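Visitor: First the structure, which I've put down as structure tokens, then a few questions once you've had a look.
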Amino acid sequence: MFSVRLLSCALLGIYSLLLSDDAWSHAHLVGSEPPSNAVIAQVPKQLRLRFSEPVEKSFTNIRIKADQRTLNLLDSQLQWDDSGKNLQIQMPDHAHALAYEIEWSLLAKDGHAGKGKWGFKVKPK
């Protein structure tokens with residue numbers, strides 16, 4: 001009887017682990033400034049991205065589109081904090097646009113890849 005109970009508990013524990021988000025988690029965006037789908041008054045001077053886990057900085061790709069035109073983004077415009085989870089992007093010089101889309105792909109320190117996109121709009125002047 002004891003061994004059946006022990007086996008049942010062990011199987012339940014393994015099953016719970018397999019179904020937990022932490023067991024299969026990948027790096028994902030947990031916050032941004034401006035927020036996703038925001039409508040703001042003017043183009044921000046910088047963007048901020050906050051990821052769920054530390055990122056391998058050298059395996060990160062960021063692409064910014066302004067009204068469907070890809071902006072030229074230099075490595076020097078990407079500033080990571082010490083945790084490796086927070087990225088600040090200095091916006092490149094460009095003509096005023098109304099719709100922005102930011103695409104990202106990365107490799108987390110735990111080896112999992114992640115990718116996604118978010119966007120915001122600027123009110124017309």
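Visitor: Out of the stretch 47-67, which residues are assigned to a strand (DSSP E or B), open to solvent by 50 Å² or more (accessible area, probe 1.4 Å) and in contact (Cβ under 8 Å) with a residue 40 or more places away in the chain? Give the steps one after another, and end with the answer.
Guide: Pass one, the stretch 47-67, residues assigned to a strand (DSSP E or B): 47-51, 55, 61-66.
Imposing the further condition that a residue be open to solvent by 50 Å² or more (accessible area, probe 1.4 Å) reduces the set to 48, 50, 61, 63.
R48, N61, R63 - these are the residues of the stretch 47-67 that are assigned to a strand (DSSP E or B), open to solvent by 50 Å² or more (accessible area, probe 1.4 Å) and in contact (Cβ under 8 Å) with a residue 40 or more places away in the chain.
Visitor: While we're looking at this one, here's another question. Residues of the stretch 71-80 being of a type outside the set (G, A, S) and loosely packed, with under 12 Cβ neighbours inside 10 Å, which ones? Steps first, please.
Guide: Within the stretch 71-80, the subset of a type outside the set (G, A, S) is 71-75, 77-80.
Those that are of a type outside the set (G, A, S) and loosely packed, with under 12 Cβ neighbours inside 10 Å: N72, L74, D75.
Visitor: Could you say whether any residue in the stretch 1-9 is modelled with pLDDT of 95 or more, open to solvent by 40 Å² or more (accessible area, probe 1.4 Å) and small (G, A, S)? Reasoning before the result, please.
Guide: Taking the stretch 1-9 as the starting set, the residues that turn out to be modelled with pLDDT of 95 or more are none.
No, because not a single residue in the stretch 1-9 is modelled with pLDDT of 95 or more, open to solvent by 40 Å² or more (accessible area, probe 1.4 Å) and small (G, A, S).
The values are calculated or read from the model by the stated rules, or taken from the named source; none is laboratory data. From a predicted model like this one, the values you see are computed outputs, not experimental measurements. Cβ atoms come from the backbone with ideal geometry, glycine included; neighbour counts cover every protein chain shown. Note: accessible area is taken over every heavy atom of the protein model, side chains too, but ligands, DNA and RNA are not part of it. Shrake-Rupley method; radii C 1.70, N 1.55, O 1.52, S 1.80 Å.
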